[in-house]
Amino acid sequence: MKEGLIQPGRRPRNRFFVWTDPNRKHDLVVFLGEAQPPSGRYAFCRQVIAFAKNLGVERVFTFAAMATQMHPSAASRVFGAATDTVNLEELKRLELDVLEDGHIGGLNGVLLGAAAEAGLQGACLLGEMPHIFAQLPFPKASHAILEAFVTLSDLDLDLEELAEQARIVEDQLGELLAQVEKQQGDPDEEEGDDEGSLQEPADEEDEAIPEPAQPRKREHIETLFTQAAKARSKAFELKQELDRLGLFKEYEDRFLDLFKKSD
C-alpha cells in the first residue's frame, strides 16, 4: 500500500548472467534473485540446477553470511562446506574454516542440496560479519568471500572498489560502536537504560507491530532519527528499536543515510 492505495504487485526477478572466459578455461554463470520464494524452495532450486546443467555448469558455489561476535575492524574469516570430499579438501587447502555440522539457511544451502542430488559438485562460502550489524551491508565479508572464490575458480577479478567500500563501512561502524561503548561507560547514564546493549535484537515475530503502525511508535521512531542525526551513538538505539518492531527493512535506506559522509 502507498498512502492508503493498494498498488499492483510485481513478481521478484530471477536472472542468469553469463561470462565467457577469453582464455577458454571455463565460463561463469551467475544467478541472482531479488527474493527467496516463501515456499517450494526445493522445487525452485531443482529447476535452477536443471537450467544450469543445460548450460554446461559443472560446479556450483553459493555465498552466504556468518554472523559472529567479531568487531567491525577485525578481518572477516571465510567459513565453508562442500558437497563432496574433493571440494572439501580444496577448502581445507585454502585454510578456510570448515563447518563441521549444523545447517545453512535459505537457498544458499538448499541450492547445494539440489546440486548434489543432480550430480553436481560445489561448496558454500560464508563471510564473517558482526552479529550486531547483521541487517546492514558489510562489504568486508563479501570481499573475503570473493578473494577465496577467485582462488578456487582461477579468475582474475579487480576487487579494489569493493575493498574501498569495505574500509568506509568499517570506519563508520567502528565509529558507531565506539560511541555506544563510550556511552555504556558513562556514569551519568540512567540506571536501567538498555541503550548500547550488544544483545541480539528481540524476536520480530513477538514484537512486530501491525500496519498501519501505531502513531505513537512512529513518532518515537522519528524522534530517534532526529537524535541519531545529531549523535551517532543514538543510531544504535534506533536500529534496535527498528529491529524490535520488525520495521528495519522499511527504514533501511534512511538509516544508512545517517552514515553517509557530508561533502
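A few comments on the model shown:
- Selection of segment 1-31 for residues being touching a residue at least 12 places away in the same chain (Cβ under 8 Å) and part of a loop (DSSP other than H, G, I, E, B) yields 1, 12, 13, 25, 26, 27.
- Of all residues in segment 37-57 being surrounded by 13 or more Cβ atoms within 10 Å (Cβ to Cβ) and in a loop (DSSP other than H, G, I, E, B), the one that is modelled with the lowest pLDDT: 37
- Any hit, segment 207-220, residues being in a helix (DSSP H, G or I), touching a Ser or Thr at 6+ places or on another chain (Cβ under 9 Å) and modelled with pLDDT of 65 or more: no
- Residue in segment 43-58 that is in contact with a strand residue (DSSP E or B) (Cβ under 9 Å, 6 or more places away or on another chain), closer than 30 Å to residue 163 by Cα and not small (Gly, Ala, Ser) present: yes
Residues are listed down the side, and each one gets a yes or a no for (1) open to solvent by 20 Å² or more (accessible area, probe 1.4 Å); (2) at pLDDT 90 or above; (3) within 27 Å of residue 238 (Cβ to Cβ):
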site: 59; (1), (2), (3): yes, yes, no
site: 62; (1), (2), (3): no, yes, no
site: 68; (1), (2), (3): yes, yes, yes
site: 77; (1), (2), (3): yes, yes, no
site: 83; (1), (2), (3): yes, yes, no
site: 90; (1), (2), (3): yes, yes, no
site: 134; (1), (2), (3): yes, no, yes
site: 147; (1), (2), (3): yes, yes, no
site: 157; (1), (2), (3): yes, no, no
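- Residue 130 vs. criteria in contact with a His (Cβ under 8 Å, 6 or more places away or on another chain), open to solvent by less than 20 Å² (accessible area, probe 1.4 Å) and not aliphatic (A, V, I, L, M): yes
- Listed conditions (1) open to solvent by less than 40 Å² (accessible area, probe 1.4 Å); (2) in a strand (DSSP E or B) are all met by residue 112, apart from (2).
- The numbered conditions (1) assigned to a helix (DSSP H, G or I); (2) open to solvent by 40 Å² or more (accessible area, probe 1.4 Å) are all true for residue 174 except (2).
- Beta carbons closer than 8 Å, at least 6 apart along the sequence or on distinct chains, never pair a first residue in segment 158-181 that is farther than 14 Å from residue 129 by Cα with a second that is among the basic types (Lys, Arg) and in a helix (DSSP H, G or I).
The values are calculated or read from the model by the stated rules, or taken from the named source; none is laboratory data. Since the structure is predicted, the reported quantities are computational estimates derived from the model, not experimental observations. Every residue, glycine as well, gets a Cβ built from its backbone with ideal geometry; the counts of neighbours run over all protein chains shown. When the accessible area is computed, the model is the full protein with side chains, heavy atoms only, and any ligands, DNA or RNA have been set aside. Shrake-Rupley method; radii C 1.70, N 1.55, O 1.52, S 1.80 Å.
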